[in-house]
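The next block holds one structure in the form of structure tokens; read it before the comments.
The values are calculated or read from the model by the stated rules, or taken from the named source; none is laboratory data. This is a predicted model, so every value here is computed, not measured. In this analysis, Cβ positions are derived from the backbone assuming ideal geometry, glycine residues included, and neighbour counts consider all displayed protein chains. Note: accessible area is taken over every heavy atom of the protein model, side chains too, but ligands, DNA and RNA are not part of it. Shrake-Rupley method; radii C 1.70, N 1.55, O 1.52, S 1.80 Å.
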4 protein chains.
Amino acid sequence: MSRPLYSHSFTLRLGDTDAAGVIYFARLLEHAHEAYEAFLAAAGRPLQDWTGRGIQIPVVHAEADFLSPMTLGQAIRVELRPGALGRSSFRLDYRFRDTAGEPLARASTVHVAMRAAAAVELPPDLRELLDTG
Amino acid sequence: MSRPLYSHSFTLRLGDTDAAGVIYFARLLEHAHEAYEAFLAAAGRPLQDWTGRGIQIPVVHAEADFLSPMTLGQAIRVELRPGALGRSSFRLDYRFRDTAGEPLARASTVHVAMRAAAAVELPPDLRELLDTG
Amino acid sequence: MSRPLYSHSFTLRLGDTDAAGVIYFARLLEHAHEAYEAFLAAAGRPLQDWTGRGIQIPVVHAEADFLSPMTLGQAIRVELRPGALGRSSFRLDYRFRDTAGEPLARASTVHVAMRAAAAVELPPDLRELLDTG
Amino acid sequence: MSRPLYSHSFTLRLGDTDAAGVIYFARLLEHAHEAYEAFLAAAGRPLQDWTGRGIQIPVVHAEADFLSPMTLGQAIRVELRPGALGRSSFRLDYRFRDTAGEPLARASTVHVAMRAAAAVELPPDLRELLDTG
């Protein structure tokens, strides 16, 4: 597998868990999005900057697969890799691993750049961040 | 105690719970705010309408007391009562009860009406909704 | 399309939204899971009952597609339909619509019944609820 | 004011915000609890360890005051200080500041140590962590 574009670490907190004693599934996607936000900020293009330029980049598709239980207090690393890069859209793939590198979960998000309510071309600097081909 | 201004019911869902098997504490305040939103909508003045008039009504204070554990699948009723009503601010008090009427929790929120970033007088129709004195 | 197994309604609340002014994407999956919990409860088999029988039914896959923006205060109906039904697993498909019936989003969740940490056969009464074929 | 017992930093993420463009109020308390969890982990007594010893430490009171808007992407520091320390209970006070040290919000949580459903004495090592008097 290719080298990650970005790696992000977090600890699973009580608010991430549910009464089954493991991560509440939808919170995994929230942590995926936080890794994407951390990547943009680290690259000097934080999410809030796009909004200031009148561009929204909503998630139009999200998915997640759960491979191993994630529990309270667990240290987790997310690896972010770019997927298909279109004219107005891009896909990000996330791998969640424990501290030994064992896979815990996978996720993907697809985003579309929009101005007002119309799809627009990806801003060149955002495209450059993601284009590793 | 005075009659509630509004009563709202909900069921505690998996996403509301944490690994201790009960409600994650911050979610109680989210349910309090949802009761307030349901009250405004039932009164014909939904929260989104204020925004359309350039008015934000942020929460400036919130508090909660937990009296009895709330668990997955529990049916809960929230009673909403207005508290102190100021020129630009108002307080709402919430009582959470089980189906037998036993108290589960209490919460309060204080809101300030603002235009841009300045406190403004409460809109008359919002004041009227809350002024039960 | 087949008749839904269950229909569930909710209103989009402030806590569901984000600074882009629409639903925060991961909250859609939380509302999907709430529709599943409401279905189980309405069928007399609430989620908490399985736990009492030593059975966990975690989500092992989740996905969502966003078709139209969902905004604060919007009334939304979720239609729940069963998908592939395996020996230990089942899939649920969700369609989110506005009050005019227009599609807003789609989602799916795949669940696996487990006892302790091993996959087990679906409880017969849960299978019966879902087997509409 | 006394030196903080612990300082924790985080960045405000999209999932923390709401359609008003600022932090959704209940999320502040979630970040307060995360600071408490980070403090326990840094002290070598992570929250999950108490559960393993049959002890729950639920929040029985929480409150927050909002002093200045917190927005998407903002870097925030939480200072945690112990408050009143009882036989079975303790209070934690949180101060949220921006990178210039300006106050953004205050919060407090009160926790009670319980075994099964009865209040118990605070575990000595937890008391020691909090007793700075």
Out of the residues in region C:88-133 that are of a type in the set (Lys, Arg) and away from chain A (no Cβ under 14 Å), state the one that is surrounded by the fewest Cβ atoms within 10 Å (Cβ to Cβ). C:ARG127
Filtered residue count, region B:36-45, keeping only those that are over 16 Å from the mean Cα position of the chain (by Cα) and touching a residue at least 24 places away in the same chain (Cβ under 8 Å): 0
Enumeration of residues in region C:14-46 that are over 20 Å from B:LEU47 (Cβ atoms), open to solvent by 20 Å² or more (accessible area, probe 1.4 Å) and in contact with a Gly (Cβ under 8 Å, 6 or more places away or on another chain): C:GLU34, C:ALA41, C:PRO46
Basic (Lys, Arg) and either touching an Asp or Glu at 6+ places or on another chain (Cβ under 7 Å) or facing chain D (nearest Cβ under 9 Å) (or both) - does that describe any residue in region B:44-52? yes
Can you pull out the helices (runs of 4 or more DSSP H) entirely within region D:16-133 that have at least 3 residues that are in contact with a helix residue (DSSP H, G or I) (Cβ under 7 Å, 6 or more places away or on another chain) and aliphatic (A, V, I, L, M)? D:25-42
Name the single residue, out of those in region D:46-89 being farther than 29 Å from B:VAL60 by Cβ and of a type in the set (A, V, I, L, M, F, W, C), that is nearest to the chain's Cα centre (by Cα). D:LEU47
For region A:67-87, give me each residue that is open to solvent by 20 Å² or more (accessible area, probe 1.4 Å) and closer than 23 Å to A:LEU126 by Cα. A:ARG81, A:PRO82, A:GLY83, A:ALA84, A:LEU85, A:GLY86, A:ARG87
Total residues in region A:1-40, condition more than 14 Å from chain B (Cβ to nearest Cβ) and either in contact with a Leu (Cβ under 7 Å, 6 or more places away or on another chain) or closer than 30 Å to B:ASP18 by Cα (or both): 17
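Each row is one residue, and each column tells you yes or no for (1) at pLDDT 90 or above; (2) of a type in the set (Ser, Thr, Tyr); (3) out of contact with any Ser or Thr (no Cβ under 7 Å at 6 or more places or on another chain).
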{"site": "D:ARG87", "(1), (2), (3)": "no, no, yes"}
{"site": "D:ASP93", "(1), (2), (3)": "yes, no, no"}
{"site": "D:ARG106", "(1), (2), (3)": "yes, no, yes"}
{"site": "D:HIS111", "(1), (2), (3)": "yes, no, no"}
{"site": "D:ALA117", "(1), (2), (3)": "no, no, yes"}
{"site": "D:PRO124", "(1), (2), (3)": "no, no, yes"}
{"site": "D:ASP131", "(1), (2), (3)": "no, no, yes"}
Does D:ASP49 count as of a type in the set (Asp, Glu) and modelled with pLDDT under 95? yes
